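Asker: I am attaching a structure below and will ask some questions about it afterwards.
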Amino acid sequence: MGEKKIETKHSDFLLPSSAARTLVNLQQVEKIYPNGMIAVQDVNLKIKEGEFVSFVGPSGCGKSTIFRLITGLTEPSAGRLEILGGNPEAARKSGRLSFVFQDATLMPWCNVIDNVMLPLKLQGIPKIQQKEEAERVLELVGLKDYHKSLPRQLSGGMKMRVSIARSLVVNPGLLLMDEPFGALDEITRQTLQQELLSIWGKDPKMTVLFVTHNVFEAVYLSTKIAVMTSSPGKIAELIDVPIPYPRDSDFRTTASFSEIVTRVNGALKQ
Amino acid sequence: MGEKKIETKHSDFLLPSSAARTLVNLQQVEKIYPNGMIAVQDVNLKIKEGEFVSFVGPSGCGKSTIFRLITGLTEPSAGRLEILGGNPEAARKSGRLSFVFQDATLMPWCNVIDNVMLPLKLQGIPKIQQKEEAERVLELVGLKDYHKSLPRQLSGGMKMRVSIARSLVVNPGLLLMDEPFGALDEITRQTLQQELLSIWGKDPKMTVLFVTHNVFEAVYLSTKIAVMTSSPGKIAELIDVPIPYPRDSDFRTTASFSEIVTRVNGALKQ
Amino acid sequence: MASDVAKTIILSKKGSLRKQFLYKTFRSEIFLPVLAFLVFITLWQFILQLLNIPSYLLPKPTDIASAAFENGTNLIESVLTTAIESIFGFLLSVIIGVSSAVLLASSRIIEKSIYPYAIILQTIPIVAIAPIIVIWFGAGINSIIVITFLISFFPMLSNTLIGLHSTDQNLKNLFYLYNANRWQLMWRLRIPGALPYIVGGLKVSCTLSVIGAIVGEYIAGIGGSQGGLGYAITSAAMRLETPYLFACGLSASLLGISFFLVVNYISKRLLSSWHESEMKTEN
Amino acid sequence: MASDVAKTIILSKKGSLRKQFLYKTFRSEIFLPVLAFLVFITLWQFILQLLNIPSYLLPKPTDIASAAFENGTNLIESVLTTAIESIFGFLLSVIIGVSSAVLLASSRIIEKSIYPYAIILQTIPIVAIAPIIVIWFGAGINSIIVITFLISFFPMLSNTLIGLHSTDQNLKNLFYLYNANRWQLMWRLRIPGALPYIVGGLKVSCTLSVIGAIVGEYIAGIGGSQGGLGYAITSAAMRLETPYLFACGLSASLLGISFFLVVNYISKRLLSSWHESEMKTEN
Amino acid sequence: GCGKTVNTTDSSVSNPKENTASSAETSGEPKKVTQVLDWFPQPTHGGLYTAQVKDFYKENNLDVTIQPGGPQVSPVQIVSSGQAEFGLASADSILLAREQGIPIVGVAALLQKSPSALFYHKGDSIQSFADLNGRKVYAHLPATYWKYLKHTYKLDRVEEFQFNGQYTNFINDKKSLTQGYTTNTPSSLKKENVEVESLLVADSGYEPYYSIIFTTEKYLKENPDIVKAYVAASIKGWDFYKDHIEVGSEALKEVNKDASLEELNDEAKLQKEFVYGGEAAENGVGYMSLERWQTLNEQLHEIGELKKNEDVQKAFTTEFLPEK
Ligand SMILES: Nc1ncnc2c1ncn2[C@@H]1O[C@H](COP(=O)(O)OP(=O)(O)OP(=O)(O)O)[C@@H](O)[C@H]1O
Ligand SMILES: Nc1ncnc2c1ncn2[C@@H]1O[C@H](COP(=O)(O)OP(=O)(O)OP(=O)(O)O)[C@@H](O)[C@H]1O
Ligand SMILES: [Mg+2]
Ligand SMILES: [Mg+2]
């Protein structure tokens, strides 16, 4: 589904042009939680506008923490952190940020569509448009029959899909997704991967940061893969995936695909 | 790690001997939630003692619901349900049930070790033994340095591992795991798969019901795979995995492995 | 697993489940409470009769009933007066309690600076400020309502405030990242999230408002209006009509219980769909 | 994203963060409330001075202070007496309130059958049952404590009960499947989970207990040196010593505020590690 | 004509004009005044309600609102704040108020002395207040009368309990005493078959005037006509009530629905001696004398309730009483 739709600007180059602005810039960033836990240390990371960067790494290595730092939900204990040359606060205020938390994080007192419309509501978009957009993304994640359901009436994977729909209802400039597809079956996952690539492909400036435990997924989706190791959390390697888009499903069977998978797995095993 | 340990009774036969007792028996079971949602319908399923049955199927197809039915957390709207010839209530009272919910479900006011010790505490096991056992399973899931942490200080995958540790701290006769490894990276996942197989292998009467979205995982672990389809949730096919244990990691590269994977994927695509 | 478990077959049709449910509801919600009430009343009656306790000390239910009956119209009038006073006072305390909680919750500094005065309002003995209240609001119903408010608003304020501070951190992050302003955060997240606590405040506050109105009548007099239960209780006490005194006291309680039931009903409707404390069916 | 955003560099060492934090705490927790208090007092003083309102109507802070000073020892004695009564009454209401909530929560039938009587206890005007209280417990401190209890226990009961009914359904399932008995369910799950609500009850109840003790003194007080603030207030009101009346009233408030602060401190310690309402640091 | 002033020459109070009543009448619009009572409507207010229903106030061109009091209502504060023009208070309260700088003045004493008494069970061996030592007494403890009794009779071994408006504990303890009013307490207790005897507080020598109509110095100075007219009409009401108790009782019953006519009548009869007896028999209802005010002043100083040396003469005036 939708594979043909990906006839986009991104197909014109292997990687976002080197002229693209630096969107995210972490320099020697360290995060020590109040209980003394060193979550990440010496993190250096530059992400250009328009990239699709996946983060892989063992459980507890600090992937979510990096997302929290980038969005400004937590402050670094040391180091320097710039989002588009400014601080996370300013980036957030620009209103083009969107994200999927590791937990679905739905309002239990609102039904599915109200939960999905939330970002639009907060932006003050007209009601009718809110609804249209929400219905569109709910269809995308395969939940169009569940508008009126309450979160507690959904299965685990369905909740996560509502959360994904909510992140896509706005037109994000920077999209952060923390294991969005972890609770989904392979078929749903692949459909959503295509949808995500298609949305990303349409806007050459859209940047996606993506956490996954699935190396195939990381390689299939990303322009770059940040491989992390733990204790303390560090970025061990930043691996380029120099394959042009659209990548059809045959890509998964190519030699370059398996080569990169092997490289990522190798980096992970260190 | 531990692959050699699996020198167990299970290796003596392909499938649990046909003489084994029927542990779980669902006949034409149907579950309609109060809001009218038909979660599962016409479910027929017989599980013998000592089996390892995986459930795969699209998000929302009723896997968790079947678990809820088997444990007696919800009652079937129609059909017949027997656990060891009795009702779920009696099975639960036998005290040999254990499980991992889809969510970590930890008590936020207790630290990791207290959360893990809970099932033992509820059984009234002596304090010292509780601690020993808890430390053993925490080591198993790689969290031995986090005894005193509170759930909110853990990453998503770590919470899930605490939940897994809690399910293994007792000596379960019937273990139900609802996507236990979904939030874990590949390496941690494989380690825990081995641990789980080793525990299961040691007790020929131990039965595991296991939900996963990872078909490889399902095939690698199980004696049988229940492939489900949705709207309404049904068991489309029950696929045997007639490969003896211990299955070493080479098994993943054998032809019979890919053949079964293909069969499962085929059933899923219907 | 225990193999000696008797074979039990769960074979239930929807219809029979529903019937069973209705029957159970009836049994637990109506039948047993009524039974408990009858037992309570009967015991009260017979123990007093047996011990021969005089009615001026502790009247028997029959004495109370007949006293209530004899003074029927008066009693009803008193109850109505007190009911009106307490309803207004209660509404005031809900409105002012919740809105000040919202104000206080909007800034830590405001909270720290103003909260102590809320506690002062709650703990200062009403008699101490009664004259000022009467001077500002006139004797009678206005002052009574103000006093009712003073007595019943603190539980609203305190509970609402705790509720507003209990917002789920993940949802708060969500709103923060989507640039919610204070207003949106308050209305769309913090207040709905605080509802269970607000309901807790309502339950305490509505019963306190009855007490408040009665105390108010003591302190601010009955003004030009009809005396309520506070007045009836004082005069019954003076005239040593203990059974009627109890009739008045129990009427106050009944008033409180009715308020409570109304609040309970509203809370069920507000929360039933999502909050554990009011969820009935299997989740 | 907005490209015209000024470059800001976040470069903070732990030390400076801590200092900043302490400074902020000082500013919001101490400095501003004290400032607010001073402003409040000054305004009160000057407005009354300007409007030339006589002190028998509304005394100026200076009048109150000097009245408190003149009657210093008496005032302190009264405060101590009332403090003791309210502490005991409060403890009683906590113990009985929480334990009856536990009892009620353990069975829907018990709850439905008994809860109404709890509301009756709360709403029945104390004067109505004062004689029985005095007969059963003797006039003086015992009865005063009982009255304090009657006035302050309901918020404990009601809040705790709501809390006990708010147990997370998933955790309940967990306990159920691991064969927890009622007792374990209550102690290990429902009570810890209800703590935020219990704390809410404590906050309301501790301030009500001061009121309760004063009301108790009105109703069941005895003479001599034992009279607490209730007696002092009646007597000041009788002698129309408005400034001293206010001094007593404000002392009652201070008592209430101190109780509140103690409860607040305890609640912070109890909940700080896990409940949103008391979590300070980033999560 | 000008009231027969017994003692007051207070220059701050201008001489009321002749024929106040008719002059008030001719000034058009009726003057609105409010009278705050010291309790729920009861026979001690009978004359006022009689004046109201018999239109005596209207005749004097007054539009009077009678505002009932209650257990904690303070007429002194309501009047001194200007919320009402007239209040009711006993003489000791007026002196205590003036000590605090509250400028109120009594203009007519409706009861010459208080019907307050201490009751004990019939047959109990109590002869005088001195016998209270060792007994339980339910009384309004901060009240001046109680302090006076304690002081005068050296009652340091009395077990004092706050009177909470109920007699139950008294009934239950045969050796105890309770405060009450001779006009209604015995009949209430009789309903419960409790026979009592009493010591009238006034017999101890402490007998402040009771239920004094008072107003503020300022109001008195600015509206002497109205005060005059109001007092005149009120006294007229009391005089009428004396012989037509039922009229007052009816009126009281209207506003005090829990009382029965019979009770109101009985109480009014018992109360007559306090209203119309003593010096009032000679000088008319409302009469007050300087001697008794001075005695009270001395007594209150003696027990330490008053400390300043305020001029007793300023606390009351009989200037506005109608001529007898
Ligand atoms: N609030 C907190 N307080 C203390 N330590 C924390 C806190 N949050 C996270 N940590 C610790 O920081 C480390 C990194 O956590 P993080 O959530 O970033 O991991 P992660 O890479 O997202 O893992 P996962 O894949 O399991 O979600 C973990 O060791 C965790 O215990
Ligand atoms: N409490 C409930 N009330 C109403 N409908 C429910 C409830 N719980 C589950 N459902 C519905 O039942 C169906 C099956 O849910 P279930 O949780 O069993 O799915 P699942 O197979 O576990 O899915 P997932 O892989 O996403 O966890 C879903 O369509 C869901 O919407
Ligand atoms: Mg994470
Ligand atoms: Mg599920």
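Asker: Can you tell me which of B:137-148, C:192-203 comes out highest on packing, and rank the rest after it, using the mean Cβ neighbours within 10 Å?
Answerer: My ranking of the peptides, most packed first, is C:192-203, B:137-148.
Asker: Can you give the alpha-carbon Rg of region C:61-271 over 2.2 N^0.38 Å, where N counts its residues?
Answerer: 1.18
Asker: Given an 8 Å cut-off on Cα distances and at least 6 residues of separation, report the relative contact order of chain E as a percent.
Answerer: Relative contact order of chain E: 32 percent.
Asker: Please report the antiparallel percentage of DSSP beta bridges with both residues in chain A, rounded to the nearest 5. Present the calculation step by step, with values, prior to reporting the outcome.
Answerer: Working: 19 of 37 bridges.
Antiparallel bridges: around 50 percent, rounded to the nearest 5.
Asker: Here are some pairs, B:Lys48/B:Lys93; D:Lys60/D:Lys203; E:Lys113/E:Lys269; E:Lys54/E:Lys272; which of them have Cα atoms lying more than 22 Å apart in this structure? Intermediate values should be presented prior to the final figure.
Answerer: Values: B:Lys48/B:Lys93 20 Å; D:Lys60/D:Lys203 30 Å; E:Lys113/E:Lys269 15 Å; E:Lys54/E:Lys272 20 Å.
Result: D:Lys60/D:Lys203 exceed 22 Å.
Asker: Please compare each pair in A:Lys63/B:Lys159; E:Lys31/E:Lys236; B:Lys131/B:Lys159; B:Lys159/D:Lys268; A:Lys159/A:Lys234 to a cut-off of 22 Å on the Cα-Cα distance and tell me which ones are over it.
Answerer: Violating the 22 Å Cα-Cα cut-off are B:Lys159/D:Lys268; A:Lys159/A:Lys234.
Asker: If you don't mind, another one. Using a Debye calculation, one point per C-alpha and no hydration shell, please list log10 I(q)/I(0) for chain B at q = 0.07, 0.08, 0.10, 0.14 Å⁻¹ in order.
Answerer: For chain B at q = 0.07, 0.08, 0.10, 0.14 Å⁻¹, log10 I(q)/I(0) is -0.24, -0.31, -0.50, -1.02.
Asker: Right, another one. What is the antiparallel percent of DSSP beta bridges lying wholly in chain E, to the nearest 5?
Answerer: Counting only bridges with both partners in chain E, antiparallel ones make up about 55 percent.
Asker: Please compute the alpha carbon radius of gyration of region A:6-149, then divide it by the globular-protein estimate 2.2 N^0.38 Å. Two decimals is fine.
Answerer: 1.25
Asker: State which helices in chain C qualify, where a helix is a whole DSSP H run, it must extend 18 Å or more along its own axis by its Cα atoms, and its mean Kyte-Doolittle hydropathy must be at least 0.5.
Answerer: Numbers: long enough: C:32-51 (28 Å, 2.20); C:72-105 (47 Å, 1.63); C:108-123 (22 Å, 0.44); C:141-164 (33 Å, 1.83); C:191-220 (39 Å, 1.37); C:242-271 (42 Å, 1.26).
Once both thresholds are applied, what remains is C:32-51, C:72-105, C:141-164, C:191-220, C:242-271.
Asker: Let me ask you something else. Filter chain E for me: DSSP H helices, axial length by Cα at least 27 angstrom, mean Kyte-Doolittle hydropathy not below 0.0. List them by residue number.
Answerer: TM-like helix candidates: nothing returned.
Asker: Average partner chain C-beta neighbours within 10 Å, per residue of C:163-173?
Answerer: 6
Asker: What is the Cα convex hull volume of the protein assembly as shown when expressed per residue in Å³?
Answerer: Per residue, the Cα convex hull of the protein assembly as shown comes to 200 Å³.
Asker: Right, something else. What percent of all Cα-Cα pairs in region B:108-171 falls into each 10 Å bin, going from 0 up to the bin containing the maximum distance?
Answerer: 26, 60, 15, 0
Asker: Separate question: Count, for each residue of E:215-226, the Cβ atoms from other chains sitting within 10 Å of its Cβ, then give me the mean as a whole number.
Answerer: Whole-number average of other-chain Cβ neighbours for E:215-226 is 0.
Asker: On to the next question. If the elastic network links every pair of Cα atoms under 10 Å, which of C:Ser209, C:Ser107, C:Ser253 fluctuates the most in the Gaussian network model of chain C?
Answerer: Fluctuation is largest for C:Ser107.
Asker: Percent relative contact order of region B:174-270, based on C-alpha pairs within less than 8 angstrom and at least six residues apart? Walk me through the numbers on the way to the answer.
Answerer: Numbers: 91 pairs, mean separation 24.5, N = 97.
Across region B:174-270, relative contact order equals 25 percent.
Asker: Can you sort A:Thr254, D:Thr242 by how many other beta carbons sit within 10 Å, fewest first?
Answerer: Fewest-to-most Cβ neighbours within 10 Å comes out as A:Thr254, D:Thr242.
Asker: Where the Cα atoms of region C:118-187 are projected onto their three principal axes, how long is each span, largest first, in whole Å?
Answerer: 53, 19, 15
Asker: If you don't mind, there's one more thing I want to ask. Test of understanding: in a Gaussian network model of chain B with alpha carbons linked when under 10 Å, which of B:Met177, B:Met228, B:Met107 would top the mean-square fluctuation ranking?
Answerer: For chain B, modelled as a Gaussian network with Cα springs under 10 Å, the answer is B:Met107.
Asker: Kindly put D:Ile147, D:Ile47 in sequence by how many other C-beta atoms sit within 10 Å of each C-beta, fewest to most.
Answerer: D:Ile47, D:Ile147
Asker: Using Cα-Cα distances under 8 Å and only pairs 6 or more residues apart, what relative contact order does region B:108-171 have, in percent? Working shown, then result.
Answerer: Numbers: 68 pairs, mean separation 32.4, N = 64.
Over region B:108-171, the number comes to 51 percent.
Asker: Counting other C-beta atoms within 10 Å, which of B:Arg252, C:Arg239, E:Arg157 has the fewest, and how do the rest follow?
Answerer: Final ranking by Cβ density, sparse to dense: E:Arg157, B:Arg252, C:Arg239.
Asker: Further question on the same structure: Per residue of B:54-60, count partner chain C-beta atoms within 10 Å of its C-beta, then hand back the mean as an integer.
Answerer: Mean number of neighbouring Cβ atoms from other chains: 6.
Asker: With runs of 4+ DSSP H residues as the only contributors, calculate the mean residue ellipticity of the protein assembly as shown at 222 nm using -39,500 (n - 2.57) per run, divided by the residue total and rounded to the nearest 500.
Answerer: Estimated from H runs of four or more residues: -16500 deg cm²/dmol.
Asker: Using a Förster distance of 60 angstrom, determine the FRET efficiency expected from the C-beta separation of A:Lys205 and D:Asn179, and round it to 0.05.
Answerer: Efficiency, rounded to the nearest 0.05: 0.60.
Asker: List, largest first, the extents of the alpha carbons of chain E along their principal axes, each in whole Å.
Answerer: Per principal axis, max minus min of the Cα coordinates gives 62, 45, 35 Å.
Asker: Which order do the peptides B:58-70, B:199-211 take when ranked by the mean count of other beta-carbon atoms within 10 Å per residue, highest first?
Answerer: Values: B:58-70: 24.9, B:199-211: 20.8.
The peptides rank, most packed first, as B:58-70, B:199-211.
Computed from the coordinates by the stated procedures, all read-outs in this text should not be read as laboratory data. These numbers come from a predicted model, not from an experiment. Neighbour counts are summed over all protein chains in view; Cβ atoms, including those assigned to glycine, are modelled from backbone coordinates with ideal geometry.
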